[in-house]
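Shown next, in structure tokens, is the structure this report addresses.
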Amino acid sequence: MSEKSFPSHARVVIVGGGVMGVGLAYHLAHEGWGPDVVLLEKAELTSGSTWHAAGQITHSTSSFSLGKCVDYNIGLYSGGLEAETGQAVTWHGCGSFRLAYTTDEMDWLRHTLSVGRALGFNIELVGPEQVAKLHPFYNLNGVLGALHTPDDGHVDPTNVTMAMAAGARAKGARIIRRCRATNITQAQSGEWVVETEQGTITCEHVVNAGGTYARQMGEWSGLQLPMTSMTHHYFVTDEVPEFQDLERELPVIRDDRKVSGYIRMEQKKGLIGIYEKANPNTVWEDHCPWEAENELFEADFDRVMPWLEESLNRMPIFAELGITRVVHGAISHPPDGNPLIGPAPGVRNYWCCCGTQIGIGWGPGLTRELARWMAHGAADISMRDYDPRRFGGYANKQWQVVKAKEDYCLRHEIPFPHFNRLAGRPIKPSPLYEMLKSKGAVFEEVYGFERPRWFAKDGVAQQDHYSFRRTIVDDMVRAEVKAVRERVGIMDVTAFTKVLVEGPDAYALLDRLTANRMPQKFPSSSAAVEIKDNSGSITLTHMLNRRGRIELETTIVRMAEDKFYLVCAAFFEQRLLDHLKHQRDKEDVTVTALSDSWGALSLNGPHARDVLGTCTDARLDNGSFRWLSAQLIDVAGHGVWALRMSYAGELGWELHMPFAAMADVYDALRTAGEPYGIADYGSFAMNVLRMEKGFKGAGELTNEVTLAEADVLRFARADKEYLGKDKTLNTNRPWVCAYLEIGPDVVASKSEAVGQTSAIDGHGGEAVTLDGAVVGSIASVVYGHTVGKILAFAYIKPHAADPGTALEVIIHGKPRAARVLGEPGYDPQSLAPRADVVQEPAE
């Protein structure tokens, strides 16, 4: 092929030449795909949002997965990329401070410090005097402390992108500028057809890296990719006299409270960036004009003035200077602030690399992971927060705009644990939503559904109570856990994904996609059993990808000879549907999503059988209704699928039914449960209950681990073949999931004694150490109210995972004693869920 000829075929076509698209081309080339990569850019590289980025990057993140990306990026910018390509990237390694004015902000920094320790960052918590020493011009009135990350800095966005482009070209990638894509469609063969102004390219993989065009590009292919363009200001001042004789560049200051943004040097000038916390501005809600190139907007000083004025109060040396340059450009904001990195929903080999509000800070690391995903079948960090399939059909354009505005305003707010984004809610309320709300439910949104978190009682405000420490919410959760453990509790679990797989080849398809034994066949070989007589086995199993990594965990119920009902976490719905679709090989199977028409209730506790037995004629003893089996029974006049299983580790059932039955069944169970002290409970209590039982959840079972690493090989059968088996049974494990108990904070424990709820239990991502060396990090952590201990799952090096091993966990910057447990903290023999009917003595 000559240099000027237009390619007709490629393995992958990337549409978009900003830092994300070029970053992906660079990393695909490093995965060996270089000669098979074509990148198309309608104008010049970086001419969309990349060129006007401020270019900062920091280790100050409490996201473990983003932390890995950031650390990689800083290494790339500070030397690796320039050494490889010979092209300057203009790295300014000036370090940075993130300031704290309140105790909540200090707690945030302490948690970030703990996560940074797990990732090996050069990071420390310092007082105002250390900030003043390194940055003598900042007004530190009211500052309590700061997180110092000395390896941070900023970089020229265009230079970085051009250097990665050079690296991609050196490994064979083709970059074609001034070539606008005009359509992307899928051929009957499954290949993608990319139409452009210069010709048409047919490819196996297509990547949407369109930046502010990404949403409308998705519409070409019938895809709904949720993101909205928001405009952001930064200002460059006149030259600053005080900067002229400085021997080193001042650290970047991130002042979330006062400035809602950042302040740094720009050569000998000042640069002020602001994310205003009111009246955010959207552009191009329907269509980004194709002719836009290096587009900027007129400054809107009125919108940002409160924060701009405060920035001058914080940097008095700027107060008398003029502003020489205003950059007011558009940046994509997804509904939850996290980019869309991964497969587009419902189609094969269409990849998203877009919706990234912080392209320089996050881009190269995320595109490296996407390249690994495309080339090898899985990324090496958890992609749950970035997977485009985390949104469903509810994420329409109107909702996208509402959520993008919310996200923009939250950009410099404290990311409290369990932060609840309330705009645009409710989206998909269950049939019990209003009733549960009237009973004090505080809800969270999961895949569009409203799920109760906890129930406000005894005068406690029915709202989120945010802190990095225990709050009054923990008292409410303690009561809910106690009710389930000692009496009986009921929870609306309608948010679960519910999918029906049926047909002559349903068993065969599911059998080769799951690691565990499939639910057993019915005693009768006839499939024509009356539905009222249906009953079947239940299996908990995992679906894997070709790298042997975990795609998802699911419960499979055998409803009939060739009918299977799958239940899994809400946010895995599209992932499950896609996995079933893409892995089919001519099997005669019908797949039906029932989540939007079927609800579910979870009934757990020692009196669960008493309560359910009052509402049904079905026999519920062990002989008639065994553990891990399901039956279609009548409850309150409705046919209900009762699954004898318990995520709480108690005697219990999950009851699945059409929406029309939900209110009647709930009312009947609540009425029957009154003599037994039945209580509503929510997801916070459910999480405590599962951790006390040592049940792993979505935080542990991710795309970055195998079954062996997750320590769930007991759910894999050695005598069957399944996708990923050869890779998941690895013996050379770099880490393993261990179950820990963590000691209390002595100071907090003393505070508890005088009635203060100031204990700190950790929030995930914290460093785990052995003899002072970091051996892993926390995946999930809770306070187990039943056992009176902090419990955690942690991914740690195998030599540190033996039961009884003494470890330490860095929680809020301080080491806590920890110990590896060899059995669940609660009911290690699992006697409770298998309890039988108490036999009355004979007269």
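With 228, 185 as the choices, which residue is out of contact with any Cys (no Cβ under 6 Å at 6 or more places or on another chain), closer than 17 Å to residue 11 by Cα and of a type in the set (S, T, N, Q)?
Just one listed residue meets the conditions, 185.
Is it true that some residue in region 822-840 is among the β-branched types (Val, Ile, Thr) and within 27 Å of the chain's Cα centre (by Cα)?
No: region 822-840 contains no residue that is among the β-branched types (Val, Ile, Thr) and within 27 Å of the chain's Cα centre (by Cα).
Is there a residue being of a type outside the set (Lys, Arg), more than 28 Å from the chain's Cα centre (by Cα) and more than 27 Å from residue 428 (Cβ to Cβ) anywhere in region 491-502?
Within region 491-502 (the criterion being of a type outside the set (Lys, Arg), more than 28 Å from the chain's Cα centre (by Cα) and more than 27 Å from residue 428 (Cβ to Cβ)), the answer is no, since none of the residues qualifies.
Against the conditions (1) more than 26 Å from the chain's Cα centre (by Cα); (2) over 20 Å from residue 539 (Cβ atoms); (3) not assigned by TED's automatic domain parsing to the domain that holds residue 604, where does residue 678 fall short? Just the number, please.
For residue 678, the failing item is (3).
Just for region 436-483: of the residues that are of a type in the set (Phe, Trp, Tyr) and touching a Gly at 6+ places or on another chain (Cβ under 7 Å), which one is farthest from residue 761 (Cα to Cα)?
So the residue we want is 447.
Based on what the data block shows, is residue 354 in contact with a Lys or Arg (Cβ under 6 Å, 6 or more places away or on another chain) and either farther than 24 Å from residue 453 by Cβ or touching a residue at least 24 places away in the same chain (Cβ under 8 Å) (or both)?
no
Check 818, 842, 835 and return the single one that is surrounded by fewer than 16 Cβ atoms within 10 Å (Cβ to Cβ) and at pLDDT 95 or above.
None of the other options fit; the residue is 835.
Criterion first (within 30 Å of residue 769 (Cα to Cα), among the charged types (D, E, K, R), modelled with pLDDT of 95 or more and buried (at least 18 other Cβ atoms within 10 Å of the Cβ)) does residue 156 satisfy it?
When the stated conditions are applied, residue 156 does not pass them.
The values are calculated or read from the model by the stated rules, or taken from the named source; none is laboratory data. From a predicted model like this one, the values you see are computed outputs, not experimental measurements. No Cβ is skipped: glycine too gets one built from the backbone with ideal geometry, and neighbour counts run over all protein chains shown.
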